[in-house]
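> Structure in structure tokens, see below.
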Ligand SMILES: Nc1ncnc2c1ncn2[C@@H]1O[C@H](COP(=O)(O)OP(=O)(O)O)[C@@H](O)[C@H]1O
Ligand SMILES: [Mg+2]
């Protein structure tokens with residue numbers, strides 16, 4: 001599934017060939033994984049996109065792009081008194097005929113460049129919430145602020161201008177004009193912005209290329225598949241180059257394979273453009289895949305906001321717990337969440353004897369070798385270290401094997417391949433190639449269950465050398481060195 005798309009900034013696992021003897025070097029260019037990758041947001045060379053609002057895409061962690069405060073939307077009679085009832089704790093089901101509290105006391109902040117997912121069952125208030133965020137619906141109470149400017153309580157003209165400049169929207173059923181070509185659909189929104197026809201078409205071509213539809217500019221929507229139509233919808237939203245992109249069940253009408261492809265592409269685009277995206281879905285797996293943070297809605301209220309991991313491992317209440325119980329954890333939990341401290345670690349300069357000692361003390365058959373600043377350089381096995389010690393060698397630099405390593409954001413499902421290829425535990429590195437932990441095999445086995453892959457992982461385990469052999473070699477080497 002994943003291989004279908006070119007993934008310049010995708011999640012990757014690397015360094016998985018064991019025994020090549022190559023020195024392992026840190027590869028920061030490949031280091032933007034999953035959530036962290038989006039913050040890297042490197043503009044891709046050769047893409048004719050201005051992306052001028054987000055130079056480099058490196059946004060400060062706490063830069064708020066959108067803020068919603070105590071938002072309420074009540075449909076029907078006596079909205080104000082309804083809010084007072086809700087504030088007093090009355091359930092929305094007990095409000096009486098003709099009054100619907102669609103959104104109740106929603107407060108949250110979305111950071112610049114974040115994908116913030118709002119998830120909930122049908123009827124939980126998601127669409128109403130998102131319509132208040134782009135000014136389509138006026139809140140009954142509360143405020144919305146985008147890029148530091150209030151969207152609520154402003155005159156109609158100003159609101160229209162703000163919406164055009166700040167937010168664009170992608171709809172579930174695409175909302176394309178059937179008698180207009182792809183390029184005219186994409187350029188449509190730019191007419192209102194007052195761009196010349198030439199400038200509009202140029203911009204439209206850029207974004208069409210960006211979403212992978214180059215060559216389809218002159219086709220009609222009816223000539224495209226569902227996935228392609230939604231790419232047109234996405235291109236149209238991107239064309240206006242707003243900071244915020246709102247997507248209401250944008251992929252829900254697509255069949256599962258196309259849907260996953262679109263999710264992948266959205267992550268890819270996000271890592272290039274650094275947009276702030278609020279993505280609405282009723283699908284938990286989609287929420288977990290896309291969201292840096294997820295707000296779970298139930299009956300109009302936000303019942304929890306957290307990272308996918310937080311929501312899985314620490315659900316706020318039984319409702320959320322039940323909601324998440326069927327999630328494929330291996331696709332959500334990351335190496336960073338399950339890793340443990342690396343114990344069998346030795347500095348390269350310490351040499352093979354020190355390495356052998358570490359392995360003896362930790363009862364492992366291999367150790368990770370790091371630089372003085374803890375950059376992962378490779379691994380050494382006890383067999384190799386023993387050979388070096390017996391041969392009287394004091395450096396192990398030339399003998400390092402490549403250590404299979406993944407980055408903190410890699411999902412557990414993606415750990416299987418490198419784990420199978422390597423007899424070592426999987427090293428976990430940060431964006432700069434520093435060793436920050438290991439994923440123990442037991443963790444991996446537990447997460448995967450007893451399938452073939454986990455058996456293959458288990459089969460690779462190599463027992464440490466017998467203690468006596470190591471002791472003999474160490475003391476012999478000691479004598480030899482002492483005699484020099
Ligand atoms: N214009 C409206 N008038 C009356 N009730 C509405 C209106 N829009 C939505 N609702 C009600 O508000 C609740 C939330 O709807 P909605 O925001 O569409 O939920 P979701 O998008 O999560 O499915 C539902 O009970 C729905 O019937
Ligand atoms: Mg909806």
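The values are calculated or read from the model by the stated rules, or taken from the named source; none is laboratory data. If you're wondering where the values come from, they're calculated on a predicted model, not measured in any experiment. Quick reminder, even Gly has a Cβ in these numbers, built from the backbone with ideal geometry, and neighbours come from all protein chains shown.
> Would you please name the residue that is surrounded by the fewest Cβ atoms within 10 Å (Cβ to Cβ), looking only at residues in region 98-122 that are in a loop (DSSP other than H, G, I, E, B) and away from ligand 1 (no atom under 16 Å from the Cβ)? Break it down stepwise before answering.
The initial filter retains those residues of region 98-122 that are in a loop (DSSP other than H, G, I, E, B), namely 98, 112-114, 121-122.
Now drop any that are not away from ligand 1 (no atom under 16 Å from the Cβ), which leaves 112-114.
Details: 112: 22, 113: 25, 114: 26.
It comes out as 112.
> Here is a list: 255, 283, 243. Which entry is within 16 Å of ligand 2 (Cβ to nearest atom) and in the same structural domain as residue 112 (by TED's automatic domain parsing)? I'd like the intermediate steps shown before the answer.
On the way: 255 fails: within 16 Å of ligand 2 (Cβ to nearest atom); 243 fails: within 16 Å of ligand 2 (Cβ to nearest atom).
Criteria check complete, one pass: 283.
> Something else about it: Considering each residue of region 105-130, count those that are within 18 Å of residue 299 (Cβ to Cβ) and within 16 Å of ligand 2 (Cβ to nearest atom), and give that number.
We begin by selecting, within region 105-130, every residue within 18 Å of residue 299 (Cβ to Cβ); these are 105-108, 118-130.
Of the ones still in play, those that are also within 16 Å of ligand 2 (Cβ to nearest atom) are 106, 118-130.
Count: 14.
> Does residue 95 satisfy the criteria of being within 16 Å of ligand 1 (Cβ to nearest atom), farther than 26 Å from residue 226 by Cα and in contact with a helix residue (DSSP H, G or I) (Cβ under 9 Å, 6 or more places away or on another chain)? Write out each step before concluding.
Numbers: within 16 Å of ligand 1 (Cβ to nearest atom): yes; farther than 26 Å from residue 226 by Cα: yes; in contact with a helix residue (DSSP H, G or I) (Cβ under 9 Å, 6 or more places away or on another chain): yes.
When the stated conditions are applied, residue 95 passes them.
> Within region 123-137, how many residues turn out to be in a helix (DSSP H, G or I) and either free of Cβ contacts under 8 Å to residues at least 24 places away in the same chain or within 6 Å of ligand 1 (Cβ to nearest atom) (or both)? Before you say what the answer is, go through the steps one by one.
Taking region 123-137 as the starting set, the residues that turn out to be in a helix (DSSP H, G or I) are 126-133.
In the following step, the residues that additionally are either free of Cβ contacts under 8 Å to residues at least 24 places away in the same chain or within 6 Å of ligand 1 (Cβ to nearest atom) (or both) were identified as 126-128, 131.
Residues flagged as in a helix (DSSP H, G or I) and either free of Cβ contacts under 8 Å to residues at least 24 places away in the same chain or within 6 Å of ligand 1 (Cβ to nearest atom) (or both) within region 123-137 amount to 4.
> Here's a follow-up. Return the total of residues in region 282-296 being assigned to a helix (DSSP H, G or I), within 16 Å of ligand 1 (Cβ to nearest atom) and more than 13 Å from residue 247 (Cβ to Cβ). Give the steps one after another, and end with the answer.
First, pick out the residues of region 282-296 that are assigned to a helix (DSSP H, G or I): 284-290.
Within this subset, residues satisfying the condition of being within 16 Å of ligand 1 (Cβ to nearest atom) are 284, 286-287.
Among the residues that remain, those that are also more than 13 Å from residue 247 (Cβ to Cβ) are: 284.
Qualifying residue count for the region: 1.
> Give region 465-484 a look and list any residue that's modelled with pLDDT under 85 and surrounded by 14 or more Cβ atoms within 10 Å (Cβ to Cβ), or say none. Give the steps one after another, and end with the answer.
Of region 465-484, the ones modelled with pLDDT under 85 are 476-484.
If the condition is that a residue be modelled with pLDDT under 85 and surrounded by 14 or more Cβ atoms within 10 Å (Cβ to Cβ), then 477 is the only one that fits.
> Same structure again: From 321, 354, 417, which residue is without any contact (Cβ under 8 Å) to a residue 24 or more places away in the chain and under 30 Å from residue 285 (Cβ atoms)? Lay out the reasoning, then the answer.
Values: 354 fails: under 30 Å from residue 285 (Cβ atoms); 417 fails: without any contact (Cβ under 8 Å) to a residue 24 or more places away in the chain.
So the residue among 321, 354, 417 that is without any contact (Cβ under 8 Å) to a residue 24 or more places away in the chain and under 30 Å from residue 285 (Cβ atoms) is 321.
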